[in-house]
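The values are calculated or read from the model by the stated rules, or taken from the named source; none is laboratory data. A quick note: this is a predicted structure, and the numbers were derived from the prediction, not measured. Glycine also receives a Cβ, built like all others from the backbone with ideal geometry; neighbour counts cover every protein chain displayed.
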């Protein structure tokens with residue numbers, strides 16, 4: 001069995017995807033001990049709890065595939081008012097691992113804006129010097145079965161060989177299909193005053209559970225993936241597309257007021273958010289909602305990793 005390892009491992013989203021693609025995860029590195037404990041509970045082995053920059057790659061076994069999603073400095077979700085992160089250039093710490101381990105395949109995943117970073121181009125230059133063939137593009141996880149629109153920069157590099165083509169794009173999977181069985185269990189919630197004032201915007205991003213009381217009418221919904229999961233979703237009641245009320249004549253209305261009359265507002269749970277990120281239900285979430293939010297929101301969607309790695313395995 002081919003082996004897999006990850007830097008900046010988080011809760012092991014990429015590693016779970018690797019296991020689903022029939023790779024054997026052998027080690028990971030995660031700085032946060034709380035998140036590392038979630039990784040260990042789900043992967044069966046403890047990751048190295050250190051900064052990547054503090055780990056000597058000579059102490060590690062060489063994996064067939066090395067996966068690295070570096071720092072969050074370039075994330076558009078990060079407030080511009082926050083100070084510059086001290087790990088903004090932590091991506092440079094990847095380079096010693098590439099030079100020492102030289103895995104057959106290297107995959108880097110990050111936000112779209114990371115392609116503008118000097119460190120990204122430094123990594124690409126090192127890969128070329130080491131004899132890797134590289135290709136990179138911005139991909140949408142929804143194109144590979146993840147019920148969430150999440151655009152990510154993906155660099156794929158193969159040592160002394162062609163980079164295989166991307167797996168075929170799949171039909172988008174709607175949010176309802178992902179969480180339909182969970183909707184009756186979602187806790188009721190309510191909109192804050194500021195959300196009500198912004199109702200035209202919220203109409204695009206709210207989940208309304210049907211409690212229809214009008215005879216001979218039904219509730220239909222857009223069959224679209226959910227918008228990108230962020231770590232704030234557990235703390236607000238609006239996360240996925242609006243519902244349409246359709247009566248027995250086939251006429252429809254997008255009136256948001258009508259939706260609120262015939263529905264109830266619900267809040268997301270960690271398990272529902274994990275579904276949007278394509279985590280299997282067997283994935284053990286921590287009891288802390290805040291920790292679960294961090295693990296889920298920052299994770300690589302396992303199904304996305306699986307699809308990319310299956311293409312690597314078949315080549």
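In this structure, is residue 84 at pLDDT below 95 and within 25 Å of residue 227 (Cβ to Cβ)? Let's see the steps before the verdict.
Values: at pLDDT below 95: yes; within 25 Å of residue 227 (Cβ to Cβ): no.
For residue 84, the condition - at pLDDT below 95 and within 25 Å of residue 227 (Cβ to Cβ) - is not met.
Looking only at the stretch 96-110, how many residues end up being free of Cβ contacts under 8 Å to residues at least 60 places away in the same chain, under 30 Å from residue 225 (Cβ atoms) and either touching a helix residue (DSSP H, G or I) at 6+ places or on another chain (Cβ under 7 Å) or surrounded by fewer than 21 Cβ atoms within 10 Å (Cβ to Cβ) (or both)?
Final tally of qualifying residues: 2.
Quick check on the stretch 42-49. Is at least one of its residues at pLDDT 95 or above, out of contact with any strand residue (DSSP E or B) (no Cβ under 6 Å at 6 or more places or on another chain), surrounded by fewer than 21 Cβ atoms within 10 Å (Cβ to Cβ) and closer than 17 Å to residue 99 by Cβ?
The answer is no; no qualifying residue exists.
Residue-wise test of (1) at pLDDT 95 or above; (2) part of a strand (DSSP E or B); (3) surrounded by fewer than 21 Cβ atoms within 10 Å (Cβ to Cβ); (4) in contact with a strand residue (DSSP E or B) (Cβ under 9 Å, 6 or more places away or on another chain).
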site	(1), (2), (3), (4)
4	yes, yes, no, yes
8	yes, no, no, yes
16	yes, no, no, yes
26	yes, yes, yes, yes
39	yes, no, no, yes
66	yes, yes, no, yes
77	no, no, yes, yes
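Across the stretch 139-174, what is the total count of residues that are outside any strand (DSSP E or B) and without any contact (Cβ under 8 Å) to a residue 24 or more places away in the chain? Spell out how you get there, then give the answer.
Step one: of the stretch 139-174, the residues outside any strand (DSSP E or B) are 141-147, 149-150, 160-174.
After this cut, where a residue has to be without any contact (Cβ under 8 Å) to a residue 24 or more places away in the chain as well, the list is 168, 171.
Residues in the stretch 139-174 being outside any strand (DSSP E or B) and without any contact (Cβ under 8 Å) to a residue 24 or more places away in the chain: 2 in total.
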